[in-house]
């Protein structure tokens, strides 16, 4: 058994190491005053002299300490002892999702759905308080009990190590890429800001793993991953595991939509989709009114404006190659003879005009693809320590706006 890090602030007596990462080490410890077992995260020594990392570490403690929820590992205390910055957290005696996947492989669909629903509860609570996790992955889900541990299952989100309060000063600027690459939403790969929808995407990747034992996209580099996300659609989970209900798989695929506007806009919506999918319901239809799509992050914020305030109520239509629409249990009643009136179409403009618009649209797609590739290169360079003069998000937005203006000028 590995020795601990000694006694911190004369109160926390550390024992064996529970985990390690590039930023910190986590130890099991005893709180001498309250006489309880806790977990202590200590900032890595080589980072303790870096003011940027110290500020980021302390910001984690201040932000997460405000989150008190049964599906989030609670932070109790924080401090400094002889230049060792530490956070004291709730000790969870369970297994991480990564350990379960490594030792047992895919889990039963009902268990995967329950893991997702409980994770959504913790994420939704954090999102409503202005905090994005930004690093949702199997290793950051602690699972207590259940089929593996026995008894009632409880899922707890842990390690908000790179989460940040939205209203606070940003430590990680737009244009940098933070998080584990396989779980990054396409907009994060492009260097855009994280939103609740980016956590939804990451949890969708986790659920896909729990259902199939594999990732929806695999790549040896961030650039390869970005290319696959742009050009491929993940196969339905029942392709790899026939026990997965088609409707549950469709809910997970909706969480994996590359376009945030077609994805579940909030963790609360994903939870509702998972429940509906387990019941065999059609998750391609609009969700019931009253969901939290525009309520997270204080209502009308950038996180909801960019995808439209009525996103949750618009119909979701997955690509045919992506999901198969489940057959209704009962024959639907005949449709009324009179169809709803459609918006009138603009007059036809002639062959040349249509051809010109087609060419311009093709040029637009090429330019946008080039902008995305540039953004990925910029993000990758920043992660490797190369300085750049413009952030990826700004570059993409500028090119897209110029393309849109060009198309408008030549089609009006």
key: Index of the failed condition, residue 107 passing every other in (1) within 21 Å of the chain's Cα centre (by Cα); (2) assigned to a helix (DSSP H, G or I); (3) touching a residue at least 60 places away in the same chain (Cβ under 8 Å)   = (2)
query = Of all residues in region 209-234 being over 18 Å from the mean Cα position of the chain (by Cα) and modelled with pLDDT of 95 or more, which is surrounded by the fewest Cβ atoms within 10 Å (Cβ to Cβ)?
reply = 213
ask   = Just wondering, is there one or more residues in region 248-255 that are under 15 Å from residue 187 (Cα atoms), touching a residue at least 12 places away in the same chain (Cβ under 8 Å) and crowded, with 22+ Cβ neighbours inside 10 Å?
value = yes
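Let's see how each residue does on (1) touching a helix residue (DSSP H, G or I) at 6+ places or on another chain (Cβ under 8 Å); (2) more than 16 Å from residue 156 (Cα to Cα); (3) surrounded by fewer than 17 Cβ atoms within 10 Å (Cβ to Cβ):
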site: 69; (1), (2), (3): yes, no, yes
site: 85; (1), (2), (3): yes, yes, no
site: 91; (1), (2), (3): no, no, no
site: 97; (1), (2), (3): yes, no, no
site: 100; (1), (2), (3): yes, no, no
site: 105; (1), (2), (3): no, yes, yes
site: 116; (1), (2), (3): yes, no, no
ask   = Which numbered condition trips up residue 137, out of (1) at pLDDT 95 or above; (2) under 15 Å from residue 98 (Cα atoms)?
value = (1)
task = Mind counting the residues in region 57-98 that are over 20 Å from the mean Cα position of the chain (by Cα), in a helix (DSSP H, G or I) and over 20 Å from residue 33 (Cβ atoms)?
result = 4
task = Residues being part of a strand (DSSP E or B) and in contact with a helix residue (DSSP H, G or I) (Cβ under 8 Å, 6 or more places away or on another chain): count how many of those fall in region 21-38.
result = 1
ask   = Would it be correct to say that residue 245 is in the same structural domain as residue 270 (by TED's automatic domain parsing) and either crowded, with 24+ Cβ neighbours inside 10 Å or modelled with pLDDT under 90 (or both)?
value = no
inquiry  = If I go through region 46-56 residue by residue, how many of them are without any contact (Cβ under 8 Å) to a residue 24 or more places away in the chain and part of a helix (DSSP H, G or I)?
reply    = 2
Selection within region 256-285 - surrounded by fewer than 22 Cβ atoms within 10 Å (Cβ to Cβ) and within 24 Å of residue 181 (Cβ to Cβ) = 258, 259, 261, 262
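The values are calculated or read from the model by the stated rules, or taken from the named source; none is laboratory data. Not measured: the values here are computed from a predicted model. For neighbour counting, all protein chains shown are included, and Cβ atoms are generated from backbone atoms with ideal geometry for every residue, glycine included.
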